[in-house]
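Trainee: The following block contains the structure, expressed as structure tokens.
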Amino acid sequence: MTGGNLRQRRGKQPSGRNSTMKEESPGGTDSIGAELAPIDQLRNAQQKLMMSHQRTVDLHTTWRAQMFRISLLIIFVTMHQFQSPISTCISDIKESNEAAGESGETISGLEAAKLIFTESFCELLGVIIASLLSYFLALSKNTPLELDAWPYVASSAFVPPCLGFYFHSKKLGCLGTGIDDSSPPRQFPVVVIYHTIVTFAFWFMKNGIQQCEDHVNLVNESIKDFQRMDKKIKQKQQLREKAAKKRQK
């Protein structure tokens with residue numbers, strides 16, 4: 001009896017597996033049939049790319065607003081740097097006039113103004129560059145501008161002269177006889193560094209948004225191609241149906 005029961009049970013096991021396989025097979029076909037068509041997949045990808053593009057635009061807007069706030073701080077820094085050579089030159093002129101008070105060879109007001117302007121010309125260019133950059137960032141807070149906008153081009157034109165004057169006279173002092181190793185050093189124009197940061201930031205943002213737009217355009221073209229193919233297929237089917245109806249008649 002036990003041997004017969006075991007044989008019956010062994011014989012029943014394959015049938016159970018076959019039944020489970022039969023039950024699972026319709027589910028597999030349903031999952032395959034539930035997959036999206038290629039054009040629907042492209043439309044989903046288009047929506048995701050559009051969302052990514054909008055997020056990138058919002059992020060870049062935030063970056064430009066933050067750079068504009070920093071540019072205001074840079075203006076104050078350049079103004080502080082602008083005061084340093086002026087105060088140093090004024091003190092040198094006072095000392096020179098006091099020393100030459102008895103002989104009468106003093107520096108007049110016009111000559112002093114020329115010396116102060118020449119001594120602080122590098123820092124004056126820094127103030128101009130910072131102001132132009134701030135104006136450029138203010139204009140591009142909501143709508144991004146290209147690097148060929150006139151405020152940025154003008155600020156870029158002043159960068160080489162600013163660096164040239166800095167490397168030409170790294171020590172402060174408007175009277176050549178008083179300049180030595182003990183003279184205070186001229187501060188490096190911070191605005192040149194910020195100008196470089198703004199340039200690379202705008203270049204990076206332009207490339208990033210261009211890549212997003214290229215991806216969106218590529219998906220749009222693919223969707224158009226699929227739509228054209230669907231139209232051609234439908235037209236062929238209609239022609240076949242018409243030909244079949246004519247044959248039946």
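Trainee: Once you keep just the Cα pairs under 8 angstrom separated by 6 or more residues, what percentage relative contact order results for region 76-196?
Mentor: 34 percent.
Trainee: Tell me, what is the 1.4 Å probe accessible area of E35, in Å² to the nearest 10?
Mentor: 130 Å²
Trainee: Take M229, M67, M79 and sort them by solvent-accessible surface of the protein heavy atoms, 1.4 Å probe, largest at the top.
Mentor: M229, M79, M67
Trainee: Take R55, R43 and sort them by solvent-accessible surface of the protein heavy atoms, 1.4 Å probe, largest at the top.
Mentor: R55, R43
Trainee: How much solvent-accessible surface does Y135 expose, in Å² to the nearest 10, with a 1.4 Å probe and all protein chains in place?
Mentor: 100 Å²
Trainee: Turning to a different aspect of this structure: How much accessible area does I128 have with a 1.4 Å probe, in Å² rounded to the nearest 10?
Mentor: 60 Å²
Trainee: Could you tell me which of Q81, G109, T56 has its Cα farthest along the dipole of region 49-129 towards the positive end, charges placed at Cβ (Lys, Arg +1; Asp, Glu -1), taken about the Cα centre?
Mentor: Toward the positive end, the furthest listed residue is T56.
Trainee: Along the charge dipole of region 138-249, which of F188, A244, C174 sits closest to the positive end, that is, farthest toward it, with unit charges on the beta carbon of Lys, Arg, Asp and Glu (+1, +1, -1, -1)?
Mentor: Positive-most Cα among the choices belongs to A244.
Trainee: In whole Hz and in residue order, list the ³J(HN,Hα) couplings for region 225-235 that follow from phi through the Karplus curve 6.51 cos²θ - 1.76 cosθ + 1.60, θ = phi - 60°; x for Gly and Pro.
Mentor: Values, residue by residue: 5, 5, 5, 5, 5, 4, 5, 5, 5, 5, 5 Hz.
Trainee: Next question, about the same structure. Amide H neighbours of K171 under 5 Å, counting only residues 5+ apart in sequence or on other chains, H built in-plane at 1.01 Å?
Mentor: R186
Trainee: Which whole-Hz ³J(HN,Hα) couplings does region 237-244 yield from phi under the Karplus relation 6.51 cos²θ - 1.76 cosθ + 1.60, θ = phi - 60°, glycine and proline marked x?
Mentor: So the J values, rounded to whole Hz, are 4, 4, 5, 5, 5, 5, 5, 5.
Trainee: On to the next question. Using only the heavy atoms of the protein chains and a 1.4 Å probe, how would I107, I93 rank by accessible area, largest first?
Mentor: I get I107, I93, largest accessible area first.
The values are calculated or read from the model by the stated rules, or taken from the named source; none is laboratory data. What you see is a predicted model; the values in this text were computed from it and never measured. Please note: Cβ atoms are built from the backbone with ideal geometry, for glycine as well, and neighbour counts cover all protein chains shown. Just so you know, the surface numbers come from the protein's heavy atoms only, side chains and all, with ligands and any DNA or RNA stripped out. Shrake-Rupley method; radii C 1.70, N 1.55, O 1.52, S 1.80 Å.
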